[in-house]
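Quick notes on the structure that follows.
Throughout, read-outs are computed from the coordinates displayed, never taken from laboratory work. These numbers come from a predicted model, not from an experiment. When we count neighbours, we look across all protein chains shown, and the Cβ atoms used for this are built from the backbone with ideal geometry, even at glycine.
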Ligand SMILES: *Cc1c(COP(=O)(O)O)cnc(C)c1O
């Protein structure tokens with residue numbers, strides 16, 4: 001005998017968004033005619049143009065995934081020495097810096113939204129510093145104007161990890177709107193299956209001015225083994241190309257992404273209705289001038305890791321699987337032991353210990369959101 005509990009499907013933190021099968025089938029059918037499966041084919045070029053338009057960035061290059069996009073972007077700027085970044089992120093951000101032979105210097109984050117605390121950057125700058133790599137974590141857009149002022153004053157590059165920030169826009173004091181991918185010198189987006197917009201695996205580098213062709217050319221060469229033309233190889237590049245099946249998935253998903261973002265917004269609103277004012281639970285602050293993509297639903301427990309872990313266990317027992325994003329902090333990873341130290345970023349360490357990222361995807365039923373919040377309310381103290 002199966003009782004009702006057992007028939008419930010498990011609920012994971014996310015669920016990859018897919019277009020109607022027929023839409024994808026119709027598009028990839030053309031590949032059986034062309035036999036061009038990769039190496040910047042028509043779908044690649046079509047998606048590149050469509051995303052430039054959607055993201056509002058003149059400059060864009062597509063990549064096989066977000067991580068390679070960031071690695072090759074750091075390489076393209078020929079950075080040296082130290083790079084100031086944040087430990088409250090996914091492994092990729094720091095690894096991309098270290099794999100470029102650069103030294104990561106960890107800046108602590110703001111308690112309110114988990115982004116880099118701009119007020120702590122200048123104390124970390126030395127004569128070896130060449131860049132700042134902040135992260136719009138959970139889609140919370142960094143204090144970009146403060147970061148840019150500091151970067152200008154010290155002659156540093158600003159390269160954003162915008163993996164979580166697809167499609168977000170910032171409205172300036174004068175009313176002008178800027179795509180988040182136009183901030184700083186350049187930004188990296190991830191189109192991984194679990195992100196708001198996916199190409200199965202994929203990523204992009206964007207920058208404000210498409211006229212700045214040098215960066216585009218450099219990135220194009222780097223993702224294609226450093227090849228300049230049939231008989232010239234100018235850089236030690238790698239293979240970072242997005243294939244045609246991935247680009248076709250992106251073209252289909254782009255038709256639906258606005259509707260998915262709106263549905264995510266409804267899910268987040270329901271979470272907020274249930275959780276706002278609940279003692280011991282804090283929701284992250286969002287910038288009033290940012291149009292959110294509702295990428296994640298992080299909640300912070302005032303009771304710290306004991307309460308966070310109790311809620312995690314209670315939800316797991318119900319077949320609900322949130323994630324402890326981002327725990328541990330990158331500076332607590334075994335691979336950085338003796339090099340980085342989580343005690344140097346106490347706010348990030350505390351946030352990582354007390355945060356839980358709740359299930360969030362466009363079609364998450366209201367009843368499940370309410371059930372999740374019920375379990376939280378029972379276990380928070
Ligand atoms: C997903 C993610 C990446 C890496 O992107 P991939 O497309 O998975 O390679 C980098 N940084 C952050 C913050 C991410 O969440």
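Tabulated data
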item: Selection count, region 61-87, where residues are part of a strand (DSSP E or B) and surrounded by 24 or more Cβ atoms within 10 Å (Cβ to Cβ); result: 6
item: Residue list for region 35-73, restricted to those being in contact with a helix residue (DSSP H, G or I) (Cβ under 6 Å, 6 or more places away or on another chain), within 16 Å of the ligand (Cβ to nearest atom) and either within 14 Å of residue 219 (Cβ to Cβ) or without any contact (Cβ under 8 Å) to a residue 60 or more places away in the chain (or both); result: 60, 61, 62, 63, 70, 71, 72
item: Residue in region 218-226 that is within 14 Å of the ligand (Cβ to nearest atom), buried (at least 21 other Cβ atoms within 10 Å of the Cβ) and more than 20 Å from the chain's Cα centre (by Cα) present; result: yes
item: Search result, residues across region 14-53 that are closer than 19 Å to residue 64 by Cβ and in a loop (DSSP other than H, G, I, E, B); result: 16, 36, 37, 38, 39, 40, 41
item: Residue within region 198-207 that is within 16 Å of the ligand (Cβ to nearest atom) and loosely packed, with under 14 Cβ neighbours inside 10 Å present; result: no
item: Matching residues, region 198-211, being farther than 16 Å from residue 158 by Cα and in contact with a strand residue (DSSP E or B) (Cβ under 6 Å, 6 or more places away or on another chain); result: 203, 204, 210
item: Hits in region 159-195 - residues which are away from the ligand (no atom under 16 Å from the Cβ) and touching a helix residue (DSSP H, G or I) at 6+ places or on another chain (Cβ under 7 Å); result: 169, 170, 179
item: For residue 294: the one exception among (1) surrounded by fewer than 19 Cβ atoms within 10 Å (Cβ to Cβ); (2) on the phi > 0 side of the Ramachandran plot; result: (1)
item: Which numbered condition residue 222 fails, given (1) within 16 Å of residue 39 (Cα to Cα); (2) in contact with a strand residue (DSSP E or B) (Cβ under 7 Å, 6 or more places away or on another chain); result: (2)
item: Region 97-116: number of residues that are in contact with a helix residue (DSSP H, G or I) (Cβ under 6 Å, 6 or more places away or on another chain), touching a residue at least 40 places away in the same chain (Cβ under 8 Å) and on the phi < 0 side of the Ramachandran plot; result: 6
item: First in region 171-192 and within 14 Å of residue 52 (Cβ to Cβ), second anywhere and more than 15 Å from the ligand (Cβ to nearest atom) and not in a strand (DSSP E or B), Cβ under 6 Å, 6 or more apart; result: 179/55; 179/56; 179/57; 181/55; 181/57; 182/57; 182/208
item: Positions within region 74-96 being in contact (Cβ under 8 Å) with a residue 40 or more places away in the chain and more than 10 Å from the ligand (Cβ to nearest atom), in sequence order; result: 74, 75, 76, 77, 79, 80, 81, 82, 83, 84, 85, 87
item: Count of residues meeting criterion [surrounded by fewer than 17 Cβ atoms within 10 Å (Cβ to Cβ) and within 25 Å of residue 297 (Cβ to Cβ)] in region 125-176; result: 1
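Residues checked against (1) under 25 Å from the mean Cα position of the chain (by Cα); (2) not in a helix (DSSP H, G or I):
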site: 313; (1), (2): no, no
site: 325; (1), (2): yes, yes
site: 331; (1), (2): yes, no
site: 353; (1), (2): yes, no
site: 363; (1), (2): yes, yes
site: 378; (1), (2): no, no
site: 381; (1), (2): no, yes
